[in-house]
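The values are calculated or read from the model by the stated rules, or taken from the named source; none is laboratory data. Since this is a predicted model, take the numbers as computed values, not measurements. Accessible surface areas use protein heavy atoms only, side chains included; no ligands, DNA or RNA. Shrake-Rupley method; radii C 1.70, N 1.55, O 1.52, S 1.80 Å.
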Amino acid sequence: MITSCDEAVARLRALPGLSCCARPLNVLPLLRTGCLSAVVSVEGPDAGWADEFGASFHALEPERGVRDHTSAGAGVHAVLRAIACTSGEGEDAGPGAGAAGGGWRGRELALLPYSAMKAEWRTALGALGARLLEPPSHVALPMLGDKRAQRAWLRSVGAATPPDAVVPALDHRELRRRFGSPYVVQTPVGSSGKGTHLVVDEADLPPIRRVGGGPWLVSGYVEGVAVNLHVLVSADSTVRVLRPSVQLTRIEGVGAPFGAYSGCDFAAPALLSPLALARAGASARRVGEALAALGYRGLFGADFVLDGERPLLLELNCRMQGSTWLLGELELAEHALPSALRHVLELYGHATGGEPRTDAAGAVQLVVRHTGAPVRVAAAPGGGLHRLKDGRLRYCGAGFGLLECGPDDCVLLQLPSPGTVLLPGVPLARVVARHPLTTPDGTALTAPGRRLVDALRAGFVLEPLDEPVGSAVPCASR
């Protein structure tokens, strides 16, 4: 039983670690503890990360010069193909390579997963000559990858969910009669809000149909506070419910469409109904026990909406989440074993001990997105630690996450480099702070939050494009 951070780090450092993810920020606790040797991602690291964490970073965005909506799966595969094109006999000239790492051929790498390894990644790594040590496979749980099947399974294990139906065709009149207006339409597969649509009238349906055919999951819309819970299923089948956070959603001024992830607030649950949170925790625990009985191990996230004091479970995210890294920052500050490390260890069959804290804590992240037509970044604020003064963001020094952030500061992350092309809806930056940026329900900016977002946007100079956005740079030109 592993109970301390030192013991966990010693175990994970025994082999060089590899992580494949959308952005390096997602695995920050693994980087901070020196458990990663290489990161393959879509977005690149912020300035200074390679030197700070001693890892090699290989990313798609710096090579293409475009920030778009490429999925982690397609992006990581493209990076691995590019490394294969530019690597000689053990020479590492891959995209975004950091100072550390060396060649790929002959390397033995332990997968420290953000999410499940995809077959094409495994094939590409094999072609590079690297030997990949993977966690034991989970038993097949098909209901976790299909929202339609998942919703029915959640009810079967006793979780309360919104009213829903699986429909082969989208008939607005019939769906409005059944679920009221607005209602929610979801494609079977999607994450971070992709494939989730709010339907108000008939005109909202054609774009949904164009994306793909049904059957779709249609649900009644519940307007309440969105709450997320991390749950850890241990190798010994113990289920632990971790800190809750309020999901930031429907915020005017940050550029997020309906359902898109806009961040989280780990302090805001202190202002919610204790009874509603307790009920959400009990529901998440029941689901975790059902997953444990099926052989699931590691972290999963449970997304709830609070209908008064009644929590309704919307869906599960069976992986580390976009908020796991921030939870890990809190845990590192408290000298606790970060949940991200526990997730990896549990997947490899090493049970971890210790009861997590569930109290509220000051940790906020807010995603601010680009709106409008495609543009090129002519100038952007620098990443790192900042303080708002006289309506402007003033750089105060290096900052990689919450640990460097003081009570009145913020840290800017995921900033595009000058010259990068931005497509509509992509993140401009992620703002990290210890103080609230939104109202307690997570749906509107506070006055200080508004001033911070305005100052952030004012720091960008964005130029219209005079040519169409190109596709990925072909391998031969890299």
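Express the Stokes-Einstein translational diffusion coefficient of the stretch 122-176 in µm² s⁻¹, to the nearest whole number, given a Kirkwood radius over alpha-carbon pairs, 37 °C and a viscosity of 0.692 mPa s. Don't skip to the end; give the middle numbers.
Details: Rh = 15.3 Å.
Result for D is 215 µm²/s.
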Sorted from largest to smallest, which semi-axis lengths in Å does the alpha carbon gyration tensor of the stretch 15-81 give for its equivalent ellipsoid, taking the root of 5 times each eigenvalue?
20, 12, 10
From the Cα trace of the stretch 230-358, what convex hull volume per residue do you get, rounded to a whole Å³?
112
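Going by accessible area, probe 1.4 Å, with all protein chains left in place, what is the ranking of Lys147, Lys118, Lys389, largest first?
Details: Lys147 25, Lys118 80, Lys389 120 Å².
Most to least solvent-accessible, the answer reads Lys389, Lys118, Lys147.
Kirkwood hydrodynamic radius (Cα pairs, Å) of the stretch 350-402? Don't jump to the answer; show the numbers that get you there.
On the way: mean 1/r = 0.0640 Å⁻¹.
One over the average 1/r among Cα pairs gives 15.6 Å for the stretch 350-402.
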Just to be sure I understand: of the beta bridges DSSP finds with both ends in the chain, what percent are antiparallel, rounded to 5?
80
Given [x] 26.5; [y] 22.4; [z] 23.1, which label gives Kirkwood radius over Cα pairs in Å as computed from the coordinates?
[z]
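Taking Rh as the Kirkwood radius computed over C-alpha pairs, what is the Stokes-Einstein D of the stretch 172-297 at 20 °C in a medium of viscosity 1.002 mPa s, expressed in µm² per second? Let's see the in-between values first.
Working: Rh = 16.9 Å.
My calculation gives 127 µm²/s for D.
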Leaving out ligands and nucleic acids, and using a 1.4 Å probe, what accessible area per residue does the chain come to in Å²?
40
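From the C-alpha gyration tensor of the stretch 243-298, pull out the three semi-axes of the equivalent ellipsoid (sqrt of 5λ each), sorted largest to smallest, in whole Å.
Values: eigenvalues 147, 57, 15 Å².
Semi-axes (√(5λ), whole Å): 27, 17, 9.
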Please enumerate, by chain and number, the lysines with C-alpha under 27 Å from the C-alpha of Lys194, excluding those fewer than 8 residues away in the same chain.
Lys118, Lys147
The whole-number value in µm²/s of the Stokes-Einstein translational diffusion coefficient for the stretch 375-475, with Rh from the Kirkwood sum over alpha carbon pairs at 4 °C and 1.567 mPa s, is 87
Per-residue ellipticity at 222 nm attributable to helices in the chain (runs of n ≥ 4 DSSP H, -39500 (n - 2.57) apiece, nearest 500 deg cm²/dmol) works out to -7500 deg cm²/dmol
At q = 0.10, 0.22, 0.24 Å⁻¹, what is the log10 ratio I(q)/I(0) for the stretch 324-425, with the Debye formula run over Cα points and no solvent?
-0.43, -1.15, -1.25
